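So the structure is just underneath, and the comments pick up after that.
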Amino acid sequence: TEQTSKEERELFVKRSSTIGKVTLLTRTFGRGTDFICRNQQLLLNGGIHVLQTFFSEELSEEYQIMGRTARQGDSGSYRMILLDKELEWVLGSNWNKILPKITVTNLYSELHKQRTTKYEVKCKSKELSIEQCKKEHNLSKEFMKSIIESKIEQVKQFLFIQNKGPNINTTKSRTILLMDATGSMSSLLSAAKDTVCTMFERVSIILKEKGFDENCFEMQFVVYRDYDCGLDKILECSNWESKGSNLRTFMNRINSSGGQGNEAIEIGLWNAVQEV
């Protein structure tokens, strides 16, 4: 694992390239670790055999893991063995109904097709996030320039906007973003993280057009998982935020997990009722 010391890690890697050894490694070692086989008998027997026991979210990772064998022109082989319920993230919550309809010969191509679709959605979300970050970056550059040039009014205006909170004297518009954070929702969760600032930006434009205070809008981000998750993972809630960047900071700490048990959507809805 990643906690193994460097010296032990090197020893385990060397031992794994000998006859009769089975070495279990985390996905981290699928990149940049050289399993060079110097055992002639093992090479005559076919070389190092790599078994991948999960389906990679990115094809590049799969290629890297595949490349841990047959190094430098040596013999080697590779195979993927998957647990059906761990394919929920790529096939969706109805994986147990979809999987029996896929033939063995078409299984990989169908999984790869679904993976590619999810990856494209993720990339589009990243593009929106990058554009938002560019705007924030340019504003920060202008702020630093104003400090250097002693433009006090511009400095004050920037700090005022960045630290401005919701207007407590106006009617608030509140929205709860309730999401399933089990394994199959990983791509949607990632997309939500990347687009939340754009969401706030568009709401602000609409409020201005309608003559409302743009800071009257607040959002709370809430995720629920399975009932068999730990108590601190069944439900996670942010504070009410009037700035997308603050909400994104909270969302970046949220990861998808679980998905094999009953989902605690009732807990999520109960929380929403309490907040109304």
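The values are calculated or read from the model by the stated rules, or taken from the named source; none is laboratory data. Here the structure is a predicted model, which means the values were calculated and not measured. With ideal geometry, Cβ positions are generated from the backbone for all residues, glycine too; neighbour counts draw on all protein chains shown. Keep in mind that these areas ignore ligands, DNA and RNA; they rest on the heavy atoms of the full protein, side chains included. Shrake-Rupley method; radii C 1.70, N 1.55, O 1.52, S 1.80 Å.
S93 meets all of the listed conditions (1) in a helix (DSSP H, G or I); (2) closer than 21 Å to K118 by Cα; (3) at pLDDT below 85 but one, namely (1).
Does R71 satisfy being among the charged types (D, E, K, R), modelled with pLDDT under 85 and more than 16 Å from the chain's Cα centre (by Cα)? Considered against the rule, which asks whether it is among the charged types (D, E, K, R), modelled with pLDDT under 85 and more than 16 Å from the chain's Cα centre (by Cα), R71 comes out as yes. Within segment 143-161, is even one residue outside any strand (DSSP E or B), open to solvent by less than 90 Å² (accessible area, probe 1.4 Å) and modelled with pLDDT under 85? Within segment 143-161, one or more residues are outside any strand (DSSP E or B), open to solvent by less than 90 Å² (accessible area, probe 1.4 Å) and modelled with pLDDT under 85.
Listed conditions (1) of a type in the set (D, E); (2) closer than 21 Å to T23 by Cβ; (3) open to solvent by 70 Å² or more (accessible area, probe 1.4 Å) are all met by E57, apart from (2). Residues that are touching a residue at least 60 places away in the same chain (Cβ under 8 Å) and in contact with a strand residue (DSSP E or B) (Cβ under 7 Å, 6 or more places away or on another chain) were ranked within segment 261-270; the one that is least open to solvent (accessible area, probe 1.4 Å) is G268.
Give me a count of the residues in segment 187-220 that are touching a Lys or Arg at 6+ places or on another chain (Cβ under 8 Å), farther than 11 Å from S129 by Cβ and among the hydroxyl-bearing types (S, T, Y).
Of the residues in segment 187-220, 1 are touching a Lys or Arg at 6+ places or on another chain (Cβ under 8 Å), farther than 11 Å from S129 by Cβ and among the hydroxyl-bearing types (S, T, Y).
For segment 30-51, the tally of residues that are open to solvent by 100 Å² or more (accessible area, probe 1.4 Å) and either more than 30 Å from the chain's Cα centre (by Cα) or touching a residue at least 40 places away in the same chain (Cβ under 8 Å) (or both) stands at 4.
Would you call Y119 in contact with a strand residue (DSSP E or B) (Cβ under 9 Å, 6 or more places away or on another chain), assigned to a helix (DSSP H, G or I), closer than 19 Å to S184 by Cα and open to solvent by 50 Å² or more (accessible area, probe 1.4 Å)?
Details: in contact with a strand residue (DSSP E or B) (Cβ under 9 Å, 6 or more places away or on another chain): no; assigned to a helix (DSSP H, G or I): yes; closer than 19 Å to S184 by Cα: yes; open to solvent by 50 Å² or more (accessible area, probe 1.4 Å): yes.
No; evaluated as a whole, the condition is false for this residue.
Note on segment 234-255: among residues that are assigned to a loop (DSSP other than H, G, I, E, B) and open to solvent by less than 40 Å² (accessible area, probe 1.4 Å), the one that is farthest from K85 (Cα to Cα) is S242. Kindly indicate whether E218 is farther than 18 Å from S184 by Cβ, open to solvent by less than 40 Å² (accessible area, probe 1.4 Å) and among the acidic types (D, E). The answer is yes for E218.
Restricting segment 64-110 to residues that are over 19 Å from S16 (Cβ atoms) and either touching a Lys or Arg at 6+ places or on another chain (Cβ under 6 Å) or basic (K, R) (or both), which is surrounded by the most Cβ atoms within 10 Å (Cβ to Cβ)? Here the residue is V90. Residue check: is S56 modelled with pLDDT of 90 or more and part of a loop (DSSP other than H, G, I, E, B)? When the stated conditions are applied, S56 passes them.
The single condition among (1) part of a strand (DSSP E or B); (2) under 23 Å from the mean Cα position of the chain (by Cα) that S187 does not meet is (1).
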